[in-house]
Structure formats: C-alpha cells, structure tokens
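Student: One structure coming up, written as structure tokens, with questions to follow.
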Amino acid sequence: MSAVLESPKAATPAGRPDYIRVAGLSKRFGEDASGVLALDRIECSIAQGSFVTIVGPSGCGKSTLLRILAGLLDYEEGEVFLDGQPIRGTRRDVGMVFQSSILLPWRSILDNVMLPAQVLGLDLKKARDRAMQLLHMVRLEGFEHKLPSQLSGGMQQRASIARALLHDPKILLMDEPFGALDAMTRERMNLELQRIWMESGKTVVLITHSIPEAVFLGDQVFVMSPRPGTLEQVIRIDLPRPRGMQAMSDAGFASATAAIREHFSHAASFD
Amino acid sequence: MTQFAIDTPATAEPEAKPARVVRARPRRRHSLSSLRVQSALLLLALLAVWEFGTRYFQVPKHLLPPVSDICVALWNGLYTSPLAKDGYWYHGAITLAEIFLGFAVGSGVGLTIGILVSQLPRLEALVAPYVAALQSVPKVALAPIVVVWLGFGISSKVVIISMLTFFPVLVTSIAGFKAVDADRIDLLRSLSATRWQIFRFTKFPSALPYIFAGLNMAAAFSVVGAVVGEFVGAQAGLGVLILQTEAQADTAGSFAVMVVLSVIGIALTSALRRVQQRVLHWMPADSSQRTVNA
C-alpha cells in the first residue's frame, strides 16, 4: 500500500508555510457596476501537507476560491501562487473532488479511476496498478468492474476520491465532497479522508457547510462570510491526530465550533 | 405499433382477472406468456374477420382482397429467382441498398455537422436559423425535383432518403452535445484535458442516447423515403412493384409488397435497437427507452 502513498505525513505540517499563497485576490462576476463581488481582497497562506477547511454560508465565495485554486476560473485582481508559481489555468498536479462524484456512467469504476491517466497521457499499465491500490485504499476492492450506478452514493464518492489521487497530485481540492451523503456515511467518510490524507501527505483544501466537519478535519479552518465574499478568520485546530469520533467531545473541539458559530450568529441565512 | 399492442393489455390484464390469486413471480411470467398468446390470437381473429368478411360480403378483390390472396401473392413473389425482374428479391435488394446508402449518408452527414456545430459555437449561430427553417420544409415535396436532377437510378433515391434522415440526426445530436452535464466538463477541464479529450471522454458518450433517438427516427424515415422516391420515378424497387401491381388492379400483390416493406422496417429498427442496447449497455433499460421515445 505504501507504494501509493508517497511522502508519509508527519504529525505537524513540515512543508513550506507559503505553499499556496493568495494575496489581495478579488473576483467579480458580471459587469463592473452591477456585478457581484464574489471574493473581496482575500489574503491567506496554506502550508504544504496541511489540511485546510473552508466553511461559510452559501454565496460566500468559497467555491469561487476553490475554482480559482484549481485554475478553472480566471481572476483579474490579486495574486495566487502555488509553490511560488502564479496559478494561471488548470494544472496537472491538482486533484479535484466535487460535490457529486461525477463518475462517467458508461465506464466501470476502474476505468473511471483511470480517467486522469488517459487524459494526462500517463503509462496506463502503471496507472492501472495504482488505480487498484487506490481502490483498495478507499475500500472498493472487488468493485472495479462494476458500473457507478451499481454503487451507493458513499462508494461513488470514495471512487471519485481515488480518481482524484490517481495522478498523484500535490494538492487535493474538495468542494463539499460529502454534502450529499447521509450523516452516518458522512462521519465514516470524514474518518477515511483523514486516514487517506495522513497516509498520503497531500495538501488538502476542503469546502464544507458543516462546522463540525470543518473543525474535525482541518488543521486550519478558514471562516468566510458573504456579500462580498471575505475571509473573516483563520482558526487553528490543535487537536491531536488521528482524530477519532471522540475528538468531537473534546473541549478544544467545542470551543472551536463555538467560535465559528459566533461568526455566523448574525447571518440568519447560514444553513 | 406492435409495441403498443403488446403494452396495453399488460396493464389491463390484472384488472380483467382480479379473482386469480397466484404468487407474484410465477404470475408475472405466466401473464407475459399468456399475453403473447392473447395478442397473437387477436391478430388471428382480425385476419379471420378480414378473410371471411371479404368473402362473405363479396368485396371486389381490387378494393380489398381476402388475406389468403395476399398470402398467395406473397408466396409467388418470394418464390422467384433472385435475379427475376418481377420477383421480390431483385426489387427488395434495390430498395434495401437505397435505404442503407441513404441512411448512412444522411445520418453520417447529420452527425458530422452536429459534431462540428458542437465544437464551434460560432458555426451554430450561423446555421441554426437555417436548420430550423429547412427542418419544416416537407422534404418529400422535393422528391420529384431530385428525380429530375439525378434521374431514375438509385442515386436520386439515396439523396431523398439522405434528406429525410439528415435532420433528425443533426437536431438530436446538437441537442445531445448541448445537454452534457457541465460538471463532467469541469472534471475534464480540471485535469487540463484538451478540447478533443473533453469531446471524446464525455461529450460524445453523453450525447449517444440522443443520437440513437435520432437514428431510430431516421431508420423509420429511410423506408418512407425509399418508397416515395420510387413512386416518383424509378426503374426498380419495391415502390415500383407497388405501382405495377396497382396498375394491374392486383391489390393483393400491392398488399404483399407492403408486407415485405413492413418486414424490412421492423428488421431495421430491431437491428438498430440491438446496437443501441449494446452501445448504451450502461443505461437502465427503461431509461434508455424513455430517451428514445422522447
């Protein structure tokens, strides 16, 4: 299994603190006067190998920020650096997980996980071995040849995580990956994601609507607020890893969630 | 039509016999096979009414021949040498060739232009108004002109069938390429996929259910186009055979040719359905059917 998981994860993020750097980033949709300011002068840094969660109500621009980090969206104002290089356009070293699994229904699970290898022109034989290992890691061994429609929602999302890791990206960007799952599956997925992250040492940026999920998973929680989308606060979560479900009853966990809730107590629209 | 005839009693049957209590699985199997028998019996009954009705009321044979006469004509037509110029095999082969060529050319060109339009939004803006306008032109009305241009040979029929099959495939493929889930394109884009890769990995497979809907329509149209083209002017083909038998007041002969044409049509659509089921194997059977019927 360790072949899949390069650079094992240390207990604290050891990499550069400025691995991802966002400076004065603003993003406006539509014409200047009537347009919506989706992001307003965002400043932040994300350390290499760390797990950052972004939490905020609908319309706070968190998805916009993630899409800019992925290179799916252009920006005019400000700077975004990845590993010292400005982000312009999509990159090969980014893996994305979306709100829905977006598995192609005509491909088997294995072929879906192999998709990045085909798109990026990687060695298909090696990619196939890696895909099998990743499927093992997300506990989908035995389902390689099933179609996505034959899997449950949680299994589909796990397959999409395996797909996002296939080309060994340095960064994993996740846009509310567990939003569509039921609470029980979601908790299990949180534990699994933590395990995968700790084993793989990737830098992870995860968007969520759920404050407990943000605190449970994150080394840092970015708290955003809407209209215009601003980064209000960065909260460090110093709970020891690996965190189990009992971490949720920890005093630190409670105070962190309380601090984040405090932010949204004015905004009635938060869901 | 046959599909409809089978489907309707399926829903009606349990109501008709509410008293019968059988366990779920055997009952379904039983009702399906008994349904087949019932619909076959229905056909036989209708044919019997036709046969004895025409004989009993002495309907003139050039108006409505009895079924047995049609069967005899069918037998005579089939029991000929493949090269005999008055047999079904010779004329049928020509009609089939027209159908295959016309279907291939029409749907091939339709699909190609559909792909081009999906890749070049400016081209779509350019051609969209003409597609909408030309689509409502009755292509059949152009058949005589096409025959004047291209003569009585096979080529005029191929062109007529192509005109009829082109539009359904073009329109459905454009719709299919447009209906692709934006998330799927984002996924491919996030992997730095090229335009061609986006097309190959997601746009084309996503559009296939739509394209098959167009091909199904085109298959039905292609038989119509062949007969119309042959009516307008041809030296050979099943349409010509219908005209000849009609001219001789051989209505039974015309009906027999129509039976042959129906068999060709049914064979075409069921062959296409088989291809579709193989290509769209990943779709649940009922939803692929729904897309096709839409």
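The values are calculated or read from the model by the stated rules, or taken from the named source; none is laboratory data. Source: prediction; values computed, not measured. With ideal geometry, Cβ positions are generated from the backbone for all residues, glycine too; neighbour counts draw on all protein chains shown.
Student: Of all residues in the range B:155-183, count the ones that are crowded, with 21+ Cβ neighbours inside 10 Å and outside any helix (DSSP H, G or I).
Tutor: Going through the range B:155-183 one residue at a time, the tally reaches 0.
Student: Now a separate question. If you scan the range B:254-294, which residues turn out to be surrounded by 12 or more Cβ atoms within 10 Å (Cβ to Cβ), modelled with pLDDT of 90 or more and not aliphatic (A, V, I, L, M)?
Tutor: B:254, B:255, B:262, B:265, B:269, B:273, B:276, B:277
Student: Quick one: which residue in A:102, A:171 is β-branched (Val, Ile, Thr) and facing another protein chain (nearest Cβ under 9 Å)?
Tutor: On the way: A:171 fails: facing another protein chain (nearest Cβ under 9 Å).
Within the list A:102, A:171, the selection yields A:102.
Student: Give the residues of the range A:79-114 that are of a type in the set (Phe, Trp, Tyr) and either more than 19 Å from residue A:24 (Cβ to Cβ) or surrounded by 17 or more Cβ atoms within 10 Å (Cβ to Cβ) (or both), sorted by residue number.
Tutor: Within the range A:79-114, the first condition is being of a type in the set (Phe, Trp, Tyr), and the residues that meet it are A:81, A:98, A:106.
A:98, A:106, listed by residue number.
Student: State whether the residues of the range B:99-116 include one that is within 21 Å of residue B:258 (Cβ to Cβ), in contact with a Phe, Trp or Tyr (Cβ under 6 Å, 6 or more places away or on another chain), of a type in the set (Val, Ile, Thr) and buried (at least 17 other Cβ atoms within 10 Å of the Cβ).
Tutor: First, pick out the residues of the range B:99-116 that are within 21 Å of residue B:258 (Cβ to Cβ): B:99-100, B:102-103.
From what is left, the residues that are in contact with a Phe, Trp or Tyr (Cβ under 6 Å, 6 or more places away or on another chain) are none.
Taking every residue of the range B:99-116 in turn, none turns out to be within 21 Å of residue B:258 (Cβ to Cβ), in contact with a Phe, Trp or Tyr (Cβ under 6 Å, 6 or more places away or on another chain), of a type in the set (Val, Ile, Thr) and buried (at least 17 other Cβ atoms within 10 Å of the Cβ).
Student: State the number of residues belonging to the range A:101-117 that are in a loop (DSSP other than H, G, I, E, B) and in contact with a Gly (Cβ under 9 Å, 6 or more places away or on another chain).
Tutor: Residues in the range A:101-117 being in a loop (DSSP other than H, G, I, E, B) and in contact with a Gly (Cβ under 9 Å, 6 or more places away or on another chain): 1 in total.
Student: Select from the range A:141-160 the residues that are over 23 Å from residue B:189 (Cα atoms) and away from chain B (no Cβ under 12 Å) and list them in ascending order.
Tutor: If the condition is that a residue be over 23 Å from residue B:189 (Cα atoms) and away from chain B (no Cβ under 12 Å), then A:141, A:142, A:143, A:144, A:145, A:151, A:152, A:153, A:154, A:155 are the ones that fit.
Student: Quick test of your reading of the structure: residue A:138 fulfils all but one of (1) more than 10 Å from chain B (Cβ to nearest Cβ); (2) in contact with a Ser or Thr (Cβ under 7 Å, 6 or more places away or on another chain); (3) surrounded by 18 or more Cβ atoms within 10 Å (Cβ to Cβ). Name the failing condition by number.
Tutor: (2)
Student: Let me ask something else. For the range A:195-211, enumerate the residues that are under 20 Å from residue A:66 (Cβ atoms) and either surrounded by 19 or more Cβ atoms within 10 Å (Cβ to Cβ) or small (Gly, Ala, Ser) (or both).
Tutor: If we filter the range A:195-211 for residues that are under 20 Å from residue A:66 (Cβ atoms), which is where we start, we get A:196-197, A:200, A:202-211.
The answer is A:196, A:197, A:200, A:202, A:203, A:204, A:205, A:206, A:207, A:208, A:210, A:211.
Student: Are any residues in the range B:163-183 under 32 Å from the mean Cα position of the chain (by Cα), of a type in the set (D, E, K, R) and within 14 Å of chain A (Cβ to nearest Cβ), and if so, which ones? Please lay out each step first, then the result.
Tutor: The initial filter retains those residues of the range B:163-183 that are under 32 Å from the mean Cα position of the chain (by Cα), namely B:163-181.
Now restrict to residues that are of a type in the set (D, E, K, R): B:178, B:181.
Passing the criteria: only B:181.
Student: Output the residues belonging to the range B:140-154 that are over 17 Å from the mean Cα position of the chain (by Cα) and either in a helix (DSSP H, G or I) or not small (Gly, Ala, Ser) (or both).
Tutor: B:141, B:142, B:143, B:144, B:145, B:146, B:147, B:148, B:149, B:150, B:152, B:154, listed by residue number.
Student: Within the range A:57-99, track down each residue that is assigned to a loop (DSSP other than H, G, I, E, B), more than 14 Å from every other protein chain (Cβ to nearest Cβ) and at positive phi.
Tutor: Within the range A:57-99, A:59, A:61, A:83, A:84 meet the criteria.
Student: Against the conditions (1) away from chain B (no Cβ under 12 Å); (2) basic (Lys, Arg); (3) touching a Leu at 6+ places or on another chain (Cβ under 7 Å), where does residue A:163 fall short? Just the number, please.
Tutor: Of the numbered conditions (1) away from chain B (no Cβ under 12 Å); (2) basic (Lys, Arg); (3) touching a Leu at 6+ places or on another chain (Cβ under 7 Å), the odd one out for residue A:163 is (1).
Student: May I pose another question? Residues being at the interface with chain A (Cβ under 10 Å from one of its Cβ atoms), in a helix (DSSP H, G or I), crowded, with 23+ Cβ neighbours inside 10 Å and among the hydrophobic types (A, V, I, L, M, F, W, C): count how many of those fall in the range B:184-233.
Tutor: Of the residues in the range B:184-233, 2 are at the interface with chain A (Cβ under 10 Å from one of its Cβ atoms), in a helix (DSSP H, G or I), crowded, with 23+ Cβ neighbours inside 10 Å and among the hydrophobic types (A, V, I, L, M, F, W, C).
Student: For residue B:249, only one of the following conditions fails: (1) of a type outside the set (Asp, Glu); (2) more than 14 Å from every other protein chain (Cβ to nearest Cβ); (3) surrounded by 19 or more Cβ atoms within 10 Å (Cβ to Cβ). What is its number?
Tutor: (3)
Student: Working only within the range A:105-135, note down all residues that are touching a Phe, Trp or Tyr at 6+ places or on another chain (Cβ under 8 Å), within 13 Å of chain B (Cβ to nearest Cβ) and closer than 23 Å to residue A:191 by Cβ.
Tutor: A:109, the sole residue that qualifies.
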